[in-house]
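Have a look at the structure below before the remarks.
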Amino acid sequence: MINIKSKDLKLADLHIHAVWTWSADLMDSEDILIPVKITREALADADTLLIHAKFHTAGGASHEGLIVYDPDLDNVFAIELFLGDARITLNRNSKDLSNLELQRYEKLTGNNCNNVLPIQYEITTRDLPISPAEFTFTVS
């Protein structure tokens, strides 16, 4: 089985396995990710799914990354944009940190952080019933 620390997940890993989750093995640390087979049983066992997606910002920039999806609530509560070796995480449940991440996005890309949200996303796998949608939160 493939195990990757969440901080070491790369875009290349998402290209090989489009869906990941945190390991439920009590012997693993909490930040270990494992790929998820797209079967009814495997998906039912996962509390949270990290799913490869393509993004388009309000300003027209395109990126790849992942959505963080809660299958029980049918909710995307966070996204992560892969920008070269950097990753930008935007989480509706952590708005202060997400606002800092938007500022970091501007420094990394040169794109105005006010032109990021709302951001459109579409997952890359057709094996999951998740429609293209929009991610946003109130910026402070």
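The values are calculated or read from the model by the stated rules, or taken from the named source; none is laboratory data. Every value quoted in this text rests on a predicted model; they were computed, and no experiment measured them. Cβ: placed from backbone, ideal geometry, glycine included. Neighbour counts: every protein chain shown. For the accessible areas, the whole protein counts, side chains as well, though only heavy atoms, and no ligand, DNA or RNA atoms are used. Shrake-Rupley method; radii C 1.70, N 1.55, O 1.52, S 1.80 Å.
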Exactly one of Glu106, Glu101 is touching a Leu at 6+ places or on another chain (Cβ under 9 Å) and either polar (S, T, N, Q) or open to solvent by less than 80 Å² (accessible area, probe 1.4 Å) (or both), and that residue is Glu101
Only one of Ile88, Ile34 is within 22 Å of Asp127 (Cβ to Cβ) and of a type in the set (A, V, I, L, M, F, W, C); which? Ile34
What do you reckon, is Asp74 touching a Pro at 6+ places or on another chain (Cβ under 9 Å), open to solvent by 60 Å² or more (accessible area, probe 1.4 Å) and among the charged types (D, E, K, R)? no
May I ask you to list the residues in the stretch 109-140 that are open to solvent by 90 Å² or more (accessible area, probe 1.4 Å) and not in a loop (DSSP other than H, G, I, E, B)? Asn114, Glu134
Tell me which residues, restricted to the stretch 82-108, are out of contact with any helix residue (DSSP H, G or I) (no Cβ under 7 Å at 6 or more places or on another chain) and hydrophobic (A, V, I, L, M, F, W, C). Leu97, Leu100, Leu108
Yes/no for Ala53 being at negative phi and open to solvent by 60 Å² or more (accessible area, probe 1.4 Å): no
Find all pairs meeting these conditions: Cβ atoms under 8 angstrom apart; at least six residues apart or on different chains; first residue within the stretch 61-89 and within 15 Å of Thr109 (Cα to Cα) and polar (S, T, N, Q); second residue open to solvent by 50 Å² or more (accessible area, probe 1.4 Å) and at pLDDT 95 or above. Ser62/Lys54; Ser62/His56; Thr89/Leu97
Note on Thr39: of the conditions (1) among the β-branched types (Val, Ile, Thr); (2) open to solvent by less than 30 Å² (accessible area, probe 1.4 Å); (3) without any contact (Cβ under 8 Å) to a residue 24 or more places away in the chain, unmet is (2)
